[in-house]
There are 2 protein chains.
Amino acid sequence: MTNSTIDRILDAAEVEFAAHGFVETSLRTITTKAKVNLAAVNYHFGSKKGLIQAVTDRFLRPLTQHLHNQLSAYEKQPVQEPSKQQELQVLFTILAHSCQHVAQKNHHSLAVFARLINMAYSQSQGHLRKHLTHQYGASFLYFMKLLRQYMPAMTNEQFFWRFHYLLGTLVFALSSSEALLAICEREYDESRRIDQIMSDLVLVLASAAQAPMIGDQPS
Amino acid sequence: MTNSTIDRILDAAEVEFAAHGFVETSLRTITTKAKVNLAAVNYHFGSKKGLIQAVTDRFLRPLTQHLHNQLSAYEKQPVQEPSKQQELQVLFTILAHSCQHVAQKNHHSLAVFARLINMAYSQSQGHLRKHLTHQYGASFLYFMKLLRQYMPAMTNEQFFWRFHYLLGTLVFALSSSEALLAICEREYDESRRIDQIMSDLVLVLASAAQAPMIGDQPS
DNA sequence: TATTGTTTTAAACATACGTTTAAAACTACC
DNA sequence: GGTAGTTTTAAACGTATGTTTAAAACAATA
């Protein structure tokens, strides 16, 4: 196994990045946990930045690919038109399943994903935002296009903001899920599963997407 | 003016913390921008941790106090019972106004606030979470109590999750508002104001709060 | 003015980090 | 079995960070 070292580094880095972020985790803690020499990171990945890119690539590629496949299957299927709420739920469920799909093989990838998004929208990190949209943006734009169909009354600008509100809900849920699960278990001694949370989240997202605009009278 | 140095440090620290986070900003950049000697931070605040605490205290105290006052005024006023949606909007508007109130005097405080919340829910930072809830939790618990009234059909556990979904929406909107405003202005050459965004956000939050539960049929 | 207490300053300190180096160990192939 | 290419290793390097120190500057009081 020639890539045993590489994989051990990636696995350890993912865990640490998910728990403490990119800058807060040092190469020394990563290489120690991976039982690998310190210099191995620079040898195999060139730099710490290269390692971060490799870690994120490892799940972003399958995630976007899975999402793209599911969306294109959804688009091809005959429109059933049951209700806007249900149709939105289907769409968000596809997104949730794509997330769960990569999370299955790669346990802490969603927390890293959330950190990445947070960072990308951190003003003064426009380069990261540009890189992500250029490299992986296609699938998400695809998702936005389909979502847009169910929010036709909005202007592009209004939709832009709405979409990012929803993104915020998802990102926070993903990045905080570990802590929230722990709190929930302690406070209500009832343990929820990720998929329960996801399916509840889908309902919230679908409803939030349909919220009235300013000036509209709520029905 | 004996606290001129202290204020200059706090102002500079707030800007840098908002833009780059707590760990990514060094005391040297803060003291340089504040035109103050490096050692001044340790002299006046003891340590970097002390400075962070001072920066966050400066807006958390007025924020929670304002929120508490508004909520208690709301509770005392006769119940008008127009609709659940409108009542929820009032409640979230109070929260939004409290945020805007501190943001007026302290321009980057909300971005710092968002970073703080994100950090607090970052598992392995239970101490920060505990500190925040112990020091400033009362007002937010008050808010949750009032919010709970309009979501009676949920169990405590369900409400817990719903609340944190909403918190996520708010936190992401606050922390990313600067970047989103810049993107929006560039893409749609239309500039939105914070208060427009806030009032739209209130509608989204109110709708998300009323999303059906799993198993419920959407009306 | 002399004295006391507070604040500011420049310099140094200790530590942690990412990275580089050059030798060693290992692997594969002739 | 020897050789070329690859990987691993221990050590060092340079830099940046938070903190401390001790002297200097300042302020207030008697």
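Here, each number is a calculation from the coordinates, and none is a lab measurement. Only a predicted model underlies this, so the values are computations on that prediction, with no experimental measurement involved. Quick reminder, even Gly has a Cβ in these numbers, built from the backbone with ideal geometry, and neighbours come from all protein chains shown.
In the range B:1-46, if every C-alpha pair distance is counted and binned at 5 Å from zero, what percent goes to each bin?
Result, from short to long distances: 5, 26, 34, 25, 8, 2, 0 percent.
For the range B:125-219, which GluC sites (Glu not before Pro) pass both filters: DSSP loop (anything but H, G, I, E, B) and at most 12 other C-beta atoms within 10 Å? Numbers along the way, then the final one.
Numbers: sites: B:157, B:178, B:185, B:187, B:190; in loops: B:190.
Those satisfying the criteria are B:190.
If you place +1 on the Cβ of every Lys and Arg and -1 on the Cβ of every Asp and Glu, how big does the dipole about the Cα centre of chain A come out, in debye to the nearest 20?
The dipole magnitude comes to about 820 debye.
How large is log10 I(q)/I(0) at q = 0.10 Å⁻¹ when the Debye formula is applied to the Cα atoms of the protein assembly as shown, each weighted equally and without solvent?
-0.76
All other residues with a Cβ under 12 Å from the Cβ of residue A:52 taken together, and with Lys, Arg as +1 and Asp, Glu as -1, what is their net charge?
Charge balance near residue A:52 sits at +1.
Among all the lysines, which ones have a C-alpha under 27 Å from residue A:145's C-alpha, if same-chain residues fewer than 8 places away are not counted?
Within the straight-line cut-off, residue A:145 pairs with A:76, A:84, A:130.
For the range B:115-219, report the convex hull volume of the alpha-carbon atoms normalised per residue, in Å³, without decimals.
Details: hull volume 15.5 nm³, N = 105.
Cα-based convex hull of the range B:115-219, divided per residue, equals 148 Å³.
Output the Cα-based Rg and Dmax of chain B in Å, rounding Rg to one decimal and Dmax to a whole number.
Cα radius of gyration and Dmax of chain B are 19.3, 64 Å respectively.
Just to confirm the numbers: residue A:158, label point 7 angstrom along the Cα-Cβ line, distances to the other copies in nm, shortest first?
Copy-to-copy label distances at residue A:158, shortest first: 3.0 nm.
Say we join alpha carbon atoms closer than 10 Å with springs in a Gaussian network model of chain A; which of A:79, A:102, A:55 then has the biggest fluctuation?
A:79
Taking the Cα centre of the protein assembly as shown as the origin, how large is its charge dipole in debye, to the nearest 20, when only Lys and Arg (+1) and Asp and Glu (-1) carry charge on their Cβ atoms?
1240
Measuring label to label, 7 Å along Cα→Cβ, what does residue A:39 give against each other copy in nm, shortest first?
Label-point separations across copies, in nm and ascending: 4.1.
For the range A:110-152, which semi-axes, largest first and in whole Å, follow from the square roots of 5 times the eigenvalues of its Cα gyration tensor?
For the range A:110-152, the semi-axes come out at 22, 12, 10 Å.
List the longest stretch of chain A that has no exposed loop site; here a site is one of the trypsin sites (Lys or Arg not before Pro) assigned by DSSP to anything other than H, G, I, E or B, with at most 16 other Cβ within 10 Å.
Working: sites that count: A:35, A:193.
That gives A:36-192 as the longest site-free run.
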